[in-house]
2 protein chains.
Amino acid sequence: MSTIRVELGERSYPINIDTGLLSSQDSFKAQIKSGKAIVVTNEVVKPLYLDTLLAALDGVEVNVVCLPDGEQHKNLTQFDAVTTQLLEQHAARDTTLIALGGGVIGDLTGFVAACFQRGIPFIQVPTTLLSQVDSSVGGKTAVNHPLGKNMIGAFYQPQSVIIDIDTLKTLPPREFAAGMAEVIKYGIIYDAEFFAWLEDNVQELKDLSPEHLKYVVQRCCEIKAEIVSKDEKEHGIRALLNLGHTFGHAIEAEQGYGNWLHGEAVGCGMVLAAKAAYEKEWISKSDLDRMIALIKLFDLPVDAPEHMNYDIFMQHMQHDKKVLSGAIRFIIPTAIGEAVVTKDVEHHILQNILNS
Amino acid sequence: MSTIRVELGERSYPINIDTGLLSSQDSFKAQIKSGKAIVVTNEVVKPLYLDTLLAALDGVEVNVVCLPDGEQHKNLTQFDAVTTQLLEQHAARDTTLIALGGGVIGDLTGFVAACFQRGIPFIQVPTTLLSQVDSSVGGKTAVNHPLGKNMIGAFYQPQSVIIDIDTLKTLPPREFAAGMAEVIKYGIIYDAEFFAWLEDNVQELKDLSPEHLKYVVQRCCEIKAEIVSKDEKEHGIRALLNLGHTFGHAIEAEQGYGNWLHGEAVGCGMVLAAKAAYEKEWISKSDLDRMIALIKLFDLPVDAPEHMNYDIFMQHMQHDKKVLSGAIRFIIPTAIGEAVVTKDVEHHILQNILNS
């Protein structure tokens, strides 16, 4: 088993990564302090993994909350529904929530854990590639608002993240590709060597080689843990993790949450950010081409929806959380392995890349 | 002006107390970092104080969100309504929220500030006695759930608390009495001398002597700042501030939020806690009598609603946030000026005091 620590003083916690962790009592039972846990999952993940998890929790008093699947349900209505069920199930301040599922379940459950009785313990058990490499680590929790993605949330760290690589075996190919967008992101913003390794191992990854997947999850979690430990609340370097997200959130909001997967929108957003970088002459043509090629190789969309022009993008992006004093801030790559936060992306550049 | 500091490391902040602060530009303008603020208030406070505050904010870009008045509106529906208005008004991560009103406005606005884009700055401007002496200080924010008071919330500190004693001139007598319940609470749990001073100054306080009111607000804020600085997240001593609240929340939930004022329910709850203490022989008859007498002198109810018997109280109290591993924890006075957290209040004692 690999263990990576997110160092945040008294809020530090381990990320455990291995095959078979979901069925291991050792992974879970010692962490349920009061002997009571509530598993929050969805209707797709439940038939696949709930029984395995419940067996590992044998002896703990466990209740289950099951939600509908999909980004369109990551909202205040479901937040309210979960808190009502927690109260009906007599959850207390020392009850542990366990988020069993992908990014939607993790973000929503984490936000409930942050707010229920002003904060109760929770454990992330991510079952998708995207949530394993990105959303389950770092304590960003949220729900969407019709006017903007992740607009209502909290920084709230889990007490541990337990990643069972085996769960990727049941992941639909489209979800796998969406997760790869966030994987490629780490290469672009932080680690040129990892980017090159991804280029060399596309087929092994698409074949779901456990060894390759484990390395990918581990490397992404290492990078994320390092960045989050330096900048938990995103006052600086952490913002780089939002590469592709400003454009991507606009696509998700415009298309209706759940129609484009989050990772698909981020993949396309990274292509737009790379094109902006090229227009600004911050990256070479060959870097631009490598980025677009790798995103394409994992079967991710590289073109925004046909009707989404400059005006439509701007309408959504003005609500972005990175807006400060009216200026939109973009994450733009400056090389493979490096990126910056900038508000200096001129309107004519945005018009060029968004209206083409 | 008196300034009391809540010491919480990088989250430390001042509480400024004086007459006339609401019309002082110095109180506000330096604190609005981005030059944009949104005032959240209610339909009762707005006609009284909004114009004064807006004049003090001259030169700052200000929007206003106005909510209906009353505890029954401290819920997720209003939370959603406020966040929607913030988005429509293009609030960003550096917009400052200003809570202008009583405890409901402060708790709700604080919770919105905690969650909007995962946290934006906010300033408490409490205009009722209860919010000045208690709810505006210490960073407890929340909304109610039909199954329990303050069940959804966050610990989120304001960047300052600005208390203008003059606002108490327009406070209805019933609201003044409700605030006095929280004032008396500090005497019972922490400061016997202050309790005796209150006994000696009932009439001056009921006459709203500014000098007496200023002393009361200042002393209560000092005690609260001291306790919160020691125990921000309520792992220990801070729980004492909940004297009367376990019984009180049950009354508020049972009667429907807003029918009993929060302070009224707390006053009655303190009487019940004192009776339990007397039954357990933890306080003398004379201490019990002094507590009940002072609560009565400020025109607060000392008897629970007629129909609320042991069974009804227990039904509500099992949802209390102080429940741990199934046991309800009570705050019980052990003398005037001292209290403890305990789960050792036997059922027959509860039956005696609740069924009488």
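The values are calculated or read from the model by the stated rules, or taken from the named source; none is laboratory data. Since we're looking at a predicted model, the values are computed, not measured. Cβ coordinates were reconstructed from backbone atoms using ideal geometry, including for glycine residues, and neighbour counts include every protein chain displayed.
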Q.
Of everything in the range B:278-328, what is touching a Ser or Thr at 6+ places or on another chain (Cβ under 7 Å) and either of a type in the set (Phe, Trp, Tyr) or away from every other protein chain (no Cβ under 14 Å) (or both)? Give them in sequence order.
A. B:Trp282, B:Ile283
Q | Answer residue from the range A:329-356, given it is within 14 Å of chain B (Cβ to nearest Cβ) and of a type outside the set (A, V, I, L, M) and is surrounded by the fewest Cβ atoms within 10 Å (Cβ to Cβ) among those | A | A:Lys343
Q: Residues being in a loop (DSSP other than H, G, I, E, B), at pLDDT 95 or above and under 22 Å from B:Gly110 (Cβ atoms): count how many of those fall in the range A:147-161.
A: 2
(Q) I'd like to check something: does the range B:67-87 contain any residue that is more than 17 Å from the chain's Cα centre (by Cα), surrounded by fewer than 22 Cβ atoms within 10 Å (Cβ to Cβ), on the phi > 0 side of the Ramachandran plot and in contact (Cβ under 8 Å) with a residue 24 or more places away in the chain? (A) no
Q.
Please go through the range A:158-178 and give me each residue that is of a type in the set (S, T, N, Q), within 17 Å of the chain's Cα centre (by Cα) and surrounded by fewer than 24 Cβ atoms within 10 Å (Cβ to Cβ), ordered by number.
A. A:Ser160
Q.
Could you go through the range A:92-100 and let me know if any residue there is surrounded by fewer than 15 Cβ atoms within 10 Å (Cβ to Cβ), outside any strand (DSSP E or B) and either of a type outside the set (Ser, Thr, Tyr) or at pLDDT below 95 (or both).
A. no
Q. Within the group A:Ala192, A:Ala181, which residue is crowded, with 24+ Cβ neighbours inside 10 Å and among the hydrophobic types (A, V, I, L, M, F, W, C)?
A. A:Ala181
Q. Restricting attention to the range B:232-239, does a residue exist that is of a type in the set (Asp, Glu), assigned to a helix (DSSP H, G or I) and in the same structural domain as B:Glu338 (by TED's automatic domain parsing)?
A. no
**Q.** The listed residue being touching a Phe, Trp or Tyr at 6+ places or on another chain (Cβ under 6 Å) and either without any contact (Cβ under 8 Å) to a residue 60 or more places away in the chain or acidic (Asp, Glu) (or both), out of A:Thr128, A:Thr141
**A.** A:Thr141
**Q.** Candidate set: the range A:147-204, residues that are in contact (Cβ under 8 Å) with a residue 40 or more places away in the chain and of a type in the set (S, T, N, Q); chosen: the one nearest to A:Val340 (Cα to Cα)
**A.** A:Asn150
Q) Has the range B:295-310 got at least one residue that is free of Cβ contacts under 8 Å to residues at least 12 places away in the same chain and under 22 Å from the mean Cα position of the chain (by Cα)? A) yes
Q: Report, by residue number, each residue of the range A:143-154 that is facing chain B (nearest Cβ under 7 Å) and out of contact with any Ser or Thr (no Cβ under 8 Å at 6 or more places or on another chain).
A: A:Gly148
Q. Residues A:Val125, A:Val104, A:Val82: which one is more than 10 Å from every other protein chain (Cβ to nearest Cβ), assigned to a strand (DSSP E or B) and at pLDDT 95 or above?
A. A:Val125
Q. Of the numbered conditions (1) away from chain B (no Cβ under 12 Å); (2) hydrophobic (A, V, I, L, M, F, W, C); (3) closer than 22 Å to A:Ala30 by Cα, A:Ala92 satisfies every one except a single condition; which is it?
A. (1)
Q | Which numbered condition A:Leu54 misses (of (1) away from chain B (no Cβ under 14 Å); (2) touching a helix residue (DSSP H, G or I) at 6+ places or on another chain (Cβ under 6 Å); (3) in a helix (DSSP H, G or I)) | A | (2)
Q.
Need the failing condition index for A:Phe116 against (1) within 13 Å of the chain's Cα centre (by Cα); (2) crowded, with 24+ Cβ neighbours inside 10 Å; (3) within 14 Å of chain B (Cβ to nearest Cβ), just the number.
A. (1)
